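Participant: Please see the structure below; I have some questions.
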Amino acid sequence: MGEPGLKGLPRLIAAFQNSIAGMKVCWRNEEAFRQETWVFIIAFPVALWLGDNGVERSLLIGSVGVIPIFESLNSAVEAVVDRIGPERHELSGYAKDIASASVLLAIFLALIVWGLILLDKFQG
């Protein structure tokens, strides 16, 4: 947790350290996050090679880059819901399912972007 009252550079440093800690937790505990991060690592150079211009490269990289971002948010929602208690509750299920749906939508987005750019590239 951040220290209350921090301002300026010390606050930025503490926020950065918290973010790195969160990424480490995701990497250590979330298989899906690791898989999606590896996909991003592989897709990044492919996107640089495949894209004809900065816009295409940005779309290819960004569409895959948002997947681990949404996965980390999904993991955060799951952790908070699980922290509240082990009993099953309809709203807990909704929260987890909706967070999971955001990951799926991000994957669909990436597939659409890559599909359209590849289709355009190999059609003409």
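Bear in mind these aren't lab numbers, they're just calculated from the coordinates by the rules spelled out. Here the structure is a predicted model, which is why all the values come from computation and not from measurement. Here the Cβ is made from the backbone with ideal geometry for all residues, glycine too, and neighbour counts use every protein chain on show.
Participant: Under a Cβ-Cβ cut-off of 13 Å, what is the net charge of the residues other than Ile107 that fall near it, where Lys and Arg count +1 and Asp and Glu count -1?
Facilitator: Once all neighbours under 13 Å are counted, the net charge is -2.
Participant: Straight-line reach from Lys7: which lysines have a Cα under 28 Å away, not including same-chain ones fewer than 8 places off?
Facilitator: Cross-link targets: Lys24.
Participant: Excluding Ala95 itself, calculate the net charge of residues whose Cβ lies under 13 Å from the Cβ of Ala95, where each Lys or Arg counts +1 and each Asp or Glu counts -1.
Facilitator: So the surrounding residues net to -1.
Participant: Per 0.36 nm of contour for each residue apart, how much would the distance between Arg34 and Arg11 grow if the chain were fully extended, relative to their Cα-Cα spacing?
Facilitator: 5.4 nm
Participant: What value does segment 1-105 have for Rg/Rh, both radii from Cα atoms and Rh as Kirkwood defines it?
Facilitator: On the way: Rg = 17.1 Å, Rh = 15.9 Å.
Radius of gyration over Kirkwood radius for segment 1-105 works out to 1.07.
Participant: In degrees between 0 and 90, to the nearest 10, how far off the longest principal axis of the chain does helix 8-29 point, with axes built from Cα atoms?
Facilitator: Between the helix axis and the principal axis of the chain, the angle is about 80 degrees.
Participant: Can I ask one more? Could you work out [θ]222 nm for the chain from helices alone, using -39500 (n - 2.57) per DSSP H run of at least four and dividing by all its residues? Round to the nearest 500 deg cm²/dmol.
Facilitator: Result for the chain: -31000 deg cm²/dmol, rounded to the nearest 500.
Participant: Lys and Arg at +1, Asp and Glu at -1: add these up for the other residues within a Cβ distance under 15 Å of Phe70 and post the number.
Facilitator: It works out to a net charge of -3.
Participant: Does anyone have the angle between helix 54-84 and the longest principal axis of the chain? Alpha-carbon axes, 0 to 90°, nearest 10?
Facilitator: Orientation of helix 54-84: about 20 degrees from the principal axis.
Participant: So, one more: Step through the residues of segment 98-107 one at a time and calculate ³J(HN,Hα) from phi using the Karplus curve (6.51 cos²θ - 1.76 cosθ + 1.60, θ = phi - 60°), rounding each to whole Hz and writing x for Gly and Pro.
Facilitator: Couplings: 5, 4, 5, 4, 5, 5, 4, 5, 5, 5 Hz.
Participant: In degrees from 0 to 90, rounded to the nearest 10, what is the angle of the helix 31-50 Cα long axis to the longest principal axis of the chain?
Facilitator: 30 degrees
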